[in-house]
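Take a look at the structure below.
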Amino acid sequence: MSKISRRSFLAASAGLIAAPAIGAKAASYDVDVAVIGAGAAGIAAARRIAAAKRSFRLIEADKRIGGRCVTDTELFSVPFDLGAHWIHGADDNPLAKLSPATLDVTPVPRGLSARVGPRDARDSELERLLAALVSARRAWSDAARGTIDMAALSALPSDLGAWQQTVEFIDGPFACGKDLADVSGLALGRRRGRDNDAFCRQGYGALLAYLATGLPVQLNTPVGQVATSPRLAVGSPRGTLFPRAVIVTVSTNMLTSGKIAFNPELPKRQRDAAEKLSLGSYDHIALELPGNP
């Protein structure tokens with residue numbers, strides 16, 4: 001398992017791309033910074049650059065902003081998150097803190113329920129499930145005190161009884177979109193705010209759209225090339241942009257797809273890390289009940 005996190009990986013990659021241009025003096029530049037990708041990370045970067053009074057171009061391949069945070073209002077005539085939905089660790093989540101009063105961010109009701117075959121789980125069964133979850137999370141917290149990463153599955157206690165597979169599902173595919181064998185044990189053990197999640201009633205996409213208010217975004221512009229030699233350049237169907245620096249915020253899946261050609265190529269360490277940090281899959285199943293009971 002790689003010890004590098006997605007956040008540090010993206011930061012390192014962006015730094016490697018930007019470094020050659022920062023020291024250049026003779027060339028002329030179109031903007032100070034080009035930000036590739038208008039998802040949560042790209043919007044955050046653009047907000048910081050705007051606050052610093054630097055010129056920038058926020059470039060997005062899709063026809064909308066938000067990345068994996070997309071809210072649909074037509075399928076059910078109410079906001080429905082097709083992508084990200086949970087605001088984890090709402091007490092210290094920066095997105096929750098930036099939410100305006102016009103958006104309703106509310107805590108997720110606490111409670112535990114489960115089904116055993118065709119019936120509701122008995123109180124005694126729920127107690128055993130809760131104990132299993134506590135035992136698993138304690139094991140991951142203990143593992144997180146170390147320095148060597150491991151698959152979260154390998155740190156999971158083997159004595160969870162009948163609820164073993166349920167615990168593996170709850171903290172694996174349900175929470176992370178991946179099996180525990182593909183989840184970092186260190187990252188899982190260092191998670192904070194598991195029990196104070198929240199939802200945005202207007203949708204996660206609406207929250208991202210608010211945070212992008214006033215930012216000039218160039219949509220429908222897929223970047224095909226980022227070059228650092230002989231000078232920093234960003235190529236797209238709309239032409240070539242010459243910035244002083246580039247911040248790349250696309251997903252690790254996009255980085256490994258080859259759709260953006262880096263010249264020269266990203267170092268092998270970054271490419272290998274991106275392969276190991278591929279995105280998971282999280283499927284939404286919506287049930288529409290007449291009369292909204």
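The values are calculated or read from the model by the stated rules, or taken from the named source; none is laboratory data. Keep in mind it's a predicted model, so treat the numbers as computed, not measured. Note that each Cβ is placed from the backbone with ideal geometry, even for glycine, and that neighbours are counted across all protein chains shown. Areas reflect the complete protein model, heavy atoms only, side chains present, ligands, DNA and RNA absent. Shrake-Rupley method; radii C 1.70, N 1.55, O 1.52, S 1.80 Å.
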Inset, instruction - Show the residue pairs that are 6+ apart or on different chains and have beta-carbon atoms under 8 Å apart, the first residue being within the stretch 198-226 and under 12 Å from ALA38 (Cα atoms) and touching a residue at least 60 places away in the same chain (Cβ under 8 Å), the second being part of a loop (DSSP other than H, G, I, E, B) and basic (Lys, Arg). - result: GLN218/ARG238; LEU219/LYS63; LEU219/ARG64; ASN220/LYS63; THR221/ARG238; PRO222/LYS259
Inset, instruction - State all residues of the stretch 54-106 that are open to solvent by 80 Å² or more (accessible area, probe 1.4 Å) and of a type in the set (S, T, N, Q); if no residue qualifies, say none. - result: THR73, SER77, THR102
Inset, instruction - Would you be able to say whether some residue in the stretch 86-98 is assigned to a helix (DSSP H, G or I), modelled with pLDDT of 85 or more, under 24 Å from THR71 (Cβ atoms) and of a type in the set (Phe, Trp, Tyr)? - result: no
Inset, instruction - Take the residues in the stretch 202-218 that are open to solvent by 20 Å² or more (accessible area, probe 1.4 Å) and in contact with a Pro (Cβ under 7 Å, 6 or more places away or on another chain), then tell me which one is farthest from THR71 (Cα to Cα). - result: TYR210
Inset, instruction - Please state which of the following conditions SER281 fails to meet, knowing it meets all the rest: (1) open to solvent by 40 Å² or more (accessible area, probe 1.4 Å); (2) among the small types (Gly, Ala, Ser); (3) in contact (Cβ under 8 Å) with a residue 40 or more places away in the chain; (4) over 21 Å from CYS69 (Cβ atoms). - result: (4)
Inset, instruction - Scan the stretch 38-65 and report the pairs whose first residue is in a strand (DSSP E or B) and whose second residue is polar (S, T, N, Q) and open to solvent by less than 50 Å² (accessible area, probe 1.4 Å), with Cβ atoms within less than 9 Å and a gap of 6+ or a chain change. - result: ARG57/GLN218; LEU58/GLN218; ILE59/GLN218; ILE59/THR221; ILE59/SER236
Inset, instruction - Output the helices (runs of 4 or more DSSP H) that fall wholly within the stretch 157-216 and possess 1 or more residues being farther than 22 Å from ALA131 by Cα and touching a strand residue (DSSP E or B) at 6+ places or on another chain (Cβ under 9 Å), or say none. - result: 204-211
Inset, instruction - Check the stretch 107-117 and report whether any residue there is closer than 27 Å to ILE43 by Cα and either among the aromatic types (Phe, Trp, Tyr) or part of a loop (DSSP other than H, G, I, E, B) (or both). - result: yes
Inset, instruction - Answer yes or no as to whether LYS276 is basic (Lys, Arg) and either at positive phi or in contact (Cβ under 8 Å) with a residue 24 or more places away in the chain (or both). - result: yes
Legend entry - Flag if THR252 is open to solvent by less than 20 Å² (accessible area, probe 1.4 Å), more than 23 Å from THR73 (Cα to Cα) and either among the β-branched types (Val, Ile, Thr) or modelled with pLDDT under 95 (or both): yes
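Here is a yes/no grid of residues against (1) open to solvent by 20 Å² or more (accessible area, probe 1.4 Å); (2) more than 26 Å from the chain's Cα centre (by Cα); (3) closer than 22 Å to ALA84 by Cα:
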| position | (1), (2), (3) |
| --- | --- |
| SER124 | yes, yes, no |
| LEU129 | no, yes, no |
| SER135 | yes, yes, no |
| SER141 | yes, no, no |
| ALA144 | no, no, no |
| TRP163 | yes, yes, no |
| PHE169 | yes, no, yes |
| PRO173 | yes, no, yes |
| LYS178 | yes, no, yes |
